[in-house]
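Chemist: One structure, as structure tokens, below. Some questions next.
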Amino acid sequence: MPRLLLDTHAFLWFVTDDPKLSGPAQRTIAAGGNEPLLSAACVWEIVIKVSVGRLPIPASLDSFIPEQLSTNRIALLPIELRHLFEIARLPLHHRDPFDRLLIAQALVESIPIISADPAFDQYPIERIW
């Protein structure tokens with residue numbers, strides 16, 4: 001089963017059925033033969049944005065995230081040391097620390113990432129959008 005990594009916005013747009021999610025991205029995430037993954041870094045980013053009032057969500061964090069992961073058959077990808085060490089080898093095309101960790105995870109795990117961010121294209125990863 002092909003694995004794929006969701007960027008934070010892709011996860012949020014998918015679970016809220018937001019039309020900003022591209023058709024190809026939506027179909028890839030929803031395809032039964034794929035294994036969508038959400039990085040623990042994305043959960044961290046969501047928690048920070050919710051706590052400072054920059055991201056409204058329809059329920060409490062401790063129910064919204066687990067429910068969406070379960071309902072949408074999205075597995076959580078933990079942050080491992082090998083992912084963190086890969087960040088040190090990345091050129092600074094992208095300065096956002098959450099995105100740099102996602103790029104490192106995609107590289108280490110050899111999986112595509114679903115993201116609208118064209119800056120990801122500067123790295124040797126496959127971006128689906």
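None of the figures in this text is laboratory data; all of them are computed from the coordinates on show. Because the structure is a prediction, the values reported are computed rather than measured. With ideal geometry, Cβ positions are generated from the backbone for all residues, glycine too; neighbour counts draw on all protein chains shown.
Chemist: As an exercise: evaluate ALA106 against (1) touching a strand residue (DSSP E or B) at 6+ places or on another chain (Cβ under 6 Å); (2) closer than 19 Å to THR16 by Cβ; (3) in a helix (DSSP H, G or I) and give the number of the one condition it does not meet.
Modeler: Among (1) touching a strand residue (DSSP E or B) at 6+ places or on another chain (Cβ under 6 Å); (2) closer than 19 Å to THR16 by Cβ; (3) in a helix (DSSP H, G or I), ALA106 violates only (2).
Chemist: Given (1) over 14 Å from the mean Cα position of the chain (by Cα); (2) closer than 24 Å to PRO97 by Cβ; (3) of a type in the set (A, V, I, L, M), where does ALA59 come up short, assuming only one miss?
Modeler: Going through the list (1) over 14 Å from the mean Cα position of the chain (by Cα); (2) closer than 24 Å to PRO97 by Cβ; (3) of a type in the set (A, V, I, L, M), ALA59 breaks only (2).
Chemist: Of all residues in the range 11-49, count the ones that are within 13 Å of the chain's Cα centre (by Cα), closer than 22 Å to GLU80 by Cα and assigned to a helix (DSSP H, G or I).
Modeler: Counting residues in the range 11-49 that are within 13 Å of the chain's Cα centre (by Cα), closer than 22 Å to GLU80 by Cα and assigned to a helix (DSSP H, G or I) gives 8.
Residue-wise test of (1) surrounded by fewer than 16 Cβ atoms within 10 Å (Cβ to Cβ); (2) within 21 Å of GLU109 (Cβ to Cβ).
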| residue | (1), (2) |
| --- | --- |
| VAL43 | no, yes |
| VAL47 | yes, no |
| VAL52 | yes, no |
| LEU55 | yes, no |
| SER60 | yes, no |
| LEU81 | yes, yes |
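Chemist: Among residues belonging to the range 57-99 that are part of a helix (DSSP H, G or I) and touching a helix residue (DSSP H, G or I) at 6+ places or on another chain (Cβ under 7 Å), point out the one that is nearest to ARG127 (Cα to Cα).
Modeler: PHE98
Chemist: Only residues that are buried (at least 19 other Cβ atoms within 10 Å of the Cβ), within 16 Å of GLN68 (Cβ to Cβ) and among the β-branched types (Val, Ile, Thr): list them for the range 8-41, please.
Modeler: Correct list: THR8, VAL15, ILE29.
Chemist: Mind telling me which of the residues ASN34, ASN72 ends up being of a type outside the set (Phe, Trp, Tyr) and in contact with a Ser or Thr (Cβ under 7 Å, 6 or more places away or on another chain)?
Modeler: Details: ASN72 fails: in contact with a Ser or Thr (Cβ under 7 Å, 6 or more places away or on another chain).
After applying the criteria, what remains is ASN34.
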